[in-house]
Structures are given as structure tokens and as C-alpha cells.
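The values are calculated or read from the model by the stated rules, or taken from the named source; none is laboratory data. Just so we're clear, the structure is a prediction, and the values are computed from it rather than from any experiment. Counting neighbours? That spans all protein chains shown, and the Cβs are built from the backbone with ideal geometry, glycine included.
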Amino acid sequence: MASTQLFKAFGIPVRAHWSFWLVMFVLATEFQVTVFDGSFFAALFFTVCVYGCLLLHELGHCLTARRYGINTREIKLTMLGGMAMFERSPRVPRQELLITAAGPLVNFVIAGLAFCLWFLFPQVLPEKNLFLQALMWANLVLGVFNLLPGFPMDGGRILRAFLALKLPYLRATHIAVRVGQLVGIGLVVLAVLGVWGGVLSALIGLMVLFLAQVELLRVRAEEALKQGPALGRFFGGLFGGGAPGNGNARSRGFPFGAAPPTGTPVEETPSAPPRDDSDCVIDMGSDGKVRKIWRKDEERD
């Protein structure tokens, strides 16, 4: 059982990966010692609140995306945080910028509210001061850390959105991915040297290195779809979709119908009308390859 659905928020399924439950316990035991002076239940409640803030962070992305007609399939909570799974990616730089920035903004708002309660009403809530301070700092860390320029963190997407204002989307993605991979290497080095973060920093650094490359492959595949059936079949074969020369490309979810016989010159390949890539769904595997590409009006296998 990889994940289970917990509930729906604004019509969006919220699912928890099995690693979520493990890290909840680990964090609670850590906070029990470092923050709450031995009180496990206070530490557990605080951990739940932190993940609640992560969920609000993801909802900030999702509700802003909904405003631009982009729906969310699900939100998944994992050991490394939350992930909002959009039906399609925003390709307008301004939209991507606003959708991405909405997440950290939620954390900064929560941190501001916690600070106001802690600073302005210390006599009203004296026993809650420690909790409010911890909640404030947790949200500040979440907001700032997510702004690091590395995929899949928000900072990497914000960097791409700014670059895409002046550069082609694929080129902007390539630059943002390379910057993000430098961030990932930096996190791993800091962990190895014992400067910051320990094992968690190393895991996040490795995740950034891997998922940044996955994002680049995904965008390359989407760009290939725009070039017509010949390049579409080429990238489908390269990344694990319909192979070149395979007459069953359409039945495998590929959106361009049957492929021509093997060896057909590119200039003789039957043309297809341009297709908006938002009409397609790309299924990425954990190995970074495109497993399937299908139209939204086609049934999945």
C-alpha cells in the first residue's frame, strides 16, 4: 500500500504516503527532546500542525492554479513534505510565477499570525508562547527553504518563470534545472561535512538532483509533442512511450495515431495538425522516463 486517502480539501483528494507516518513519529520524538521538554503529546500535536501548514502551502498552489483553469488530481503528503499533482503544468510564465509563489506566501502569513499572537498577547496565552514561537519559526523555515532555486522546490519554478519571460520555455527550464542541481549538490556537501541538516539535508539534496532532471525530461517531451508526429514518436521511444516504427503507438496512449513503417524519411511522414499540449497527459516513471502519453479523452490502460 503506497498511499492512502485521508480526506478531500476543496474537492482535492489528500493522500498520505506510508513514509509520512514514519516521519511523523520521528519528528515528534525529535521535537519532544529539543522543543517540548519531554512532552510527547505536545510534540506530536505540533508535528501534526506543521504538516497542516504544509497542506495549506499546497492548497495555496492548488487554489491559485484553479483560478487559471488548472485542476489538481491530488495532494500527496510524504516524508519530505507535500506534492500537488496538477492535471497540466502552467506554461504562461506569469501564471507559473503566481501559482508557485502562493505556497511560500501561505507559510509567511501563518508565521506572521503566530508572531502577532505571541508578541501582542503574551498575557492572554502565556502557556502557548513556546508553541507559537515554534510554529512561527517552522513556517519561516518552510517558506524560506522552499524558495531555494532547485526543483521540485518552489524557488526553482519561480526562477524558471522569471527566465521564461525572456527565454524559450525549454531553455529557461534547462538553466533552472542546472542551477537547482548545484543547490542539490550543495545540500549533500553540507550534510557530508556535518555543517547543516544531516541525513535529511542529504536526502533532500539527492531528491533535488533526481527530480530536477525528471522535470527537464518532462519539458523536453512536451516540446517534442508540439513538433509533430515524427519527433513525438522519437521522444516516445527515447523515454519509454510509443517506439519508432511501432504501428500500435496510439493504443499505447500516444496521441498521434499509427506510426509509418520503419525507415520512412521524416519528410514523407504524414503530417498532423498542431495540437495544444494541454490536451495531453504525460505519465512519468520513477526512473525519469515517460511511460505513457495519452489524450485526456482517451481511456487509460
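Whether a residue is among the small types (Gly, Ala, Ser) and either exposed (fewer than 15 other Cβ atoms within 10 Å of the Cβ) or in contact with an Asp or Glu (Cβ under 6 Å, 6 or more places away or on another chain) (or both) was assessed, and SER3 does not pass this test. When the range 76-88 is limited to residues that are in a loop (DSSP other than H, G, I, E, B) and among the aliphatic types (A, V, I, L, M), the one that is farthest from GLY155 (Cα to Cα) turns out to be MET79.
Scanning the range 146-165 for residues that are aromatic (Phe, Trp, Tyr) and modelled with pLDDT of 90 or more turns up just one, PHE162. Among the residues of the range 65-75, is any part of a strand (DSSP E or B), buried (at least 19 other Cβ atoms within 10 Å of the Cβ) and within 19 Å of the chain's Cα centre (by Cα)? Within the range 65-75, one or more residues are part of a strand (DSSP E or B), buried (at least 19 other Cβ atoms within 10 Å of the Cβ) and within 19 Å of the chain's Cα centre (by Cα). The numbered conditions (1) surrounded by 19 or more Cβ atoms within 10 Å (Cβ to Cβ); (2) free of Cβ contacts under 8 Å to residues at least 40 places away in the same chain; (3) outside any helix (DSSP H, G or I) are all true for LYS166 except (1). So which residues in the range 90-104 are surrounded by 16 or more Cβ atoms within 10 Å (Cβ to Cβ) and either touching a residue at least 40 places away in the same chain (Cβ under 8 Å) or touching a His at 6+ places or on another chain (Cβ under 8 Å) (or both), if there are any at all? Of everything in the range 90-104, those that are surrounded by 16 or more Cβ atoms within 10 Å (Cβ to Cβ) and either touching a residue at least 40 places away in the same chain (Cβ under 8 Å) or touching a His at 6+ places or on another chain (Cβ under 8 Å) (or both) turn out to be PRO93, GLU96, LEU97, ILE99, THR100, ALA101, ALA102, GLY103, PRO104. The single condition from (1) modelled with pLDDT under 85; (2) of a type in the set (A, V, I, L, M, F, W, C); (3) closer than 19 Å to GLN133 by Cα that PHE45 fails is (1). Of all residues in the range 181-203, none are under 14 Å from the mean Cα position of the chain (by Cα), in contact (Cβ under 8 Å) with a residue 40 or more places away in the chain and assigned to a helix (DSSP H, G or I).
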